[in-house]
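The values are calculated or read from the model by the stated rules, or taken from the named source; none is laboratory data. Source: prediction; values computed, not measured. Neighbour counts are summed over all protein chains in view; Cβ atoms, including those assigned to glycine, are modelled from backbone coordinates with ideal geometry.
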Amino acid sequence: MARYRDSDCKLCRREGVKLFLKGDRCFGSKCALEKRTDPPGAPGQRRVKPTDYALQLREKQKMKRIYGVLESQFRKYFYMAERQKGITGENLLRLLEQRLDNVVHRLGFASSRAEARQLVRHGHFLVNGRRVNIPSLLLEVGDTVQAREGSSRELLPIKAALEGAKKRALPPWLEMDIANLKGMVRALPTRDEIAIPVQEQMVVSLYSK
């Protein structure tokens, strides 16, 4: 499977906004975007005014990078969103938010989606009481996510992430029981509850051509 192996901070600089790919580092002064706002590449390179297509492409790339999905996966989610009732762009965001790795991150079990993806793949979480190692699993209303009993609950990344999560508000569509390290999907998120810097309608326009 294709995998991005360069610096995550370059992706933020390329998009010109924080994509929050490095967890707590993105909230502090060590964030690369706080020091350099220019895109990666040769310094002093002449920048031309982007076309409509270029702007739409950047929004798509931004969304893919935030959620850590490949082009084939992203296209699949778009076609699923198209078939659902409602606004296609909002449906697309909602599907991406329903991914297990994203829910694990949103609940505070991991400091980033990449870390959440790795923890899920290693089988550290139960979904509705069953061990699951598929990060792309789409959760529904009423589904529960819980850290496995034993060594999984003692992992330093999970403990550190939960400590950092105390400083941030939990999305209203999720519920978290800290004592039992168990979360639940209370409802599907609305657009107002998905705080990411993307213009999803531009992505819809790109795929509709």
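Considering region 173-194, the residues that are aliphatic (A, V, I, L, M) and in contact (Cβ under 8 Å) with a residue 24 or more places away in the chain include one that is nearest to P50 (Cα to Cα), namely I194. Listed by first and then second residue, the pairs with beta-carbon distance under 9 Å, at least 6 apart or on different chains, first residue in region 143-172 and more than 22 Å from P189 (Cα to Cα) and touching a residue at least 60 places away in the same chain (Cβ under 8 Å), second of a type in the set (V, I, T) and in a loop (DSSP other than H, G, I, E, B), form an empty list. Picking from residues in region 166-181 that are out of contact with any helix residue (DSSP H, G or I) (no Cβ under 8 Å at 6 or more places or on another chain) and more than 20 Å from V132 (Cα to Cα), the one that is surrounded by the most Cβ atoms within 10 Å (Cβ to Cβ) is R168. When Q98 is tested against (1) of a type outside the set (A, V, I, L, M, F, W, C); (2) buried (at least 17 other Cβ atoms within 10 Å of the Cβ); (3) at positive phi, only condition (3) is not met. Here L137 passes the criteria (1) surrounded by 15 or more Cβ atoms within 10 Å (Cβ to Cβ); (2) at pLDDT below 95 except the one numbered (2).
Let's see how each residue does on (1) in the same structural domain as L137 (by TED's automatic domain parsing); (2) surrounded by fewer than 21 Cβ atoms within 10 Å (Cβ to Cβ); (3) more than 13 Å from the chain's Cα centre (by Cα); (4) over 30 Å from R131 (Cβ atoms):
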{"site": "K64", "(1), (2), (3), (4)": "no, yes, no, no"}
{"site": "S72", "(1), (2), (3), (4)": "no, yes, yes, no"}
{"site": "A81", "(1), (2), (3), (4)": "no, no, yes, no"}
{"site": "Q84", "(1), (2), (3), (4)": "no, yes, yes, no"}
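When you look at R65, is it charged (D, E, K, R) and touching a residue at least 40 places away in the same chain (Cβ under 8 Å), yes or no? For R65, the condition - charged (D, E, K, R) and touching a residue at least 40 places away in the same chain (Cβ under 8 Å) - is met. Of all residues in region 96-108, those satisfying the criterion of being assigned to a helix (DSSP H, G or I) and touching a strand residue (DSSP E or B) at 6+ places or on another chain (Cβ under 9 Å) are L100, V103, V104, R106, L107.
Among the residues of region 91-117, those that are farther than 25 Å from V203 by Cα and small (G, A, S) comprise G108, A110, S111, A116.
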